[in-house]
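A.B. asks: Encoded as structure tokens, here's the structure I'll be asking about.
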Amino acid sequence: MTRKKLRILYLAQFLTEQSDEEHPVTLQEILEHLARCGISADRKSIYDDVEQLRLYGMDVLTVKGAHFGYYLGQRDFQLPELKMLIDVVQASPFLTANKSMELITKLEKLASRPQAHQLRRQVYVMNRVRTDNERLYYTVDGINTAINAGRQVTFRYFDWTAGGTKVYRRGGALYTADPVALCVDRHYYLVAYDGALGDYRHYRVDRMDSLTVTDAPRSPLPEGFDLGQYVRTVFDMYNGETRTVKLRFARHLTNVVTDRFGTDAHIISEGDGFALTAQVEVGPTFFGWLFQLGAEAELAGPADVRQQFADYCRQVLELYR
């Protein structure tokens with residue numbers, strides 16, 4: 001195949017990379033670009049190629065007048081959408097700094113180069129705590145493969161020490177899990193079914209090592225599992241006993257409570273504030289969330305959970321006596 005037969009592909013690439021509504025490219029610029037690629041062309045051939053690209057489905061628009069030229073209009077992602085996606089990548093603590101910049105660079109290629117330059121100027125990588133597990137990206141891919149294929153996975157699971165070293169649970173022995181789903185709650189988590197216990201477990205993906213997709217089929221899963229309800233119930237992925245509790249809040253905390261329990265939470269007016277009945281995982285993470293609201297939130301019941309929270313508050317207070 002001669003390079004001339006590739007002319008329309010080079011033209012499509014040039015329009016995609018170099019043009020947008022504010023930066024149309026002229027016929028002369030197109031001809032010069034093709035010449036740099038070793039392809040000769042005339043104006044008529046460019047007119048014909050542009051029409052072919054339009055028939056193919058590319059939104060090539062014409063600027064008429066003294067500054068006649070072309071630009072690519074509709075794209076798969078518009079500039080505000082790309083900025084939003086980049087913001088999400090930047091805000092993700094489960095991505096390493098290197099992986100974040102790698103993904104941002106790929107996202108920028110979905111815009112024209114002038115637009116990508118605008119996006120680059122807006123990139124602000126916050127000084128947030130990030131994972132240092134460079135293999136997380138491949139672990140996620142392996143888990144997705146296992147879920148789609150209905151296979152079990154094995155992995156090692158570790159905790160961090162104060163000195164920054166890994167300590168593997170179970171002495172480094174492999175965990176075997178039936179993967180159900182991946183979800184995000186500040187961190188990436190694998191939700192897995194434990195057939196022996198007839199219950200679900202969750203694991204921080206950035207604390208998983210040596211993940212392998214096995215040939216063993218995944219155990220049959222019970223019907224009716226609601227991942228959304230599971231995530232709402234397990235506060236910040238912290239293990240604890242699931243209990244139904246009644247909570248009271250000051251009226252102005254409606255947005256805070258809705259953010260935590262969702263818009264479908266059953267909220268009723270009560271006195272000067274409102275009350276809510278919900279399932280929670282009783283433990284330090286739930287208590288910590290409630291504690292930050294101070295005297296404007298009350299754990300009304302049941303009595304034993306209320307007592308656990310009171311004991312938690314006393315233990316904290318003892319540190320400051």
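Coordinate-derived values only; no laboratory data. None of the values given here were measured: they were computed from a predicted structure. Note that we place each Cβ from the backbone using ideal geometry, even for glycine, and neighbour counts take in every protein chain shown.
A.B. asks: Residue check: is PRO80 of a type outside the set (A, V, I, L, M) and touching a residue at least 24 places away in the same chain (Cβ under 8 Å)?
C.D. replies: Answer is no for this residue.
A.B. asks: Pairs only if they're at least six apart or on different chains, beta carbon under 8 angstrom, first in the stretch 195-223 and within 30 Å of GLY164 (Cα to Cα), second of a type in the set (Lys, Arg); list them, first residue then second.
C.D. replies: Qualifying pairs under 8 Å: MET208/ARG156; ASP209/ARG135; ASP209/ARG156; ASP209/LYS166; SER210/ARG156; VAL213/ARG151.
A.B. asks: Right, something else. Pairs only if they're at least six apart or on different chains, beta carbon under 9 angstrom, first in the stretch 94-118 and more than 27 Å from VAL184 (Cα to Cα), second part of a helix (DSSP H, G or I) and among the basic types (Lys, Arg); list them, first residue then second.
C.D. replies: These pairs meet every condition: GLN118/LYS83.
A.B. asks: Sticking with this structure for a sec: Keeping to the stretch 272-286, report how many residues are over 13 Å from VAL245 (Cα atoms) and over 29 Å from the mean Cα position of the chain (by Cα).
C.D. replies: Here the count works out to 3.
So that you can scan it fast, the table gives a plain yes or no per residue for (1) surrounded by 13 or more Cβ atoms within 10 Å (Cβ to Cβ); (2) touching a strand residue (DSSP E or B) at 6+ places or on another chain (Cβ under 6 Å); (3) under 27 Å from ILE143 (Cα atoms):
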| position | (1), (2), (3) |
| --- | --- |
| ASP206 | yes, no, yes |
| THR258 | yes, no, no |
| GLY273 | yes, yes, no |
| GLY283 | yes, no, no |
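A.B. asks: Count, please, the residues in the stretch 14-31 that happen to be assigned to a helix (DSSP H, G or I), in contact (Cβ under 8 Å) with a residue 40 or more places away in the chain and within 14 Å of VAL50 (Cβ to Cβ).
C.D. replies: Going through the stretch 14-31 one residue at a time, the tally reaches 5.
A.B. asks: Another question about this same structure. In this structure, is GLY38 under 36 Å from the mean Cα position of the chain (by Cα) and surrounded by fewer than 17 Cβ atoms within 10 Å (Cβ to Cβ)?
C.D. replies: Taking the combined requirement at face value, the residue does not satisfy it.
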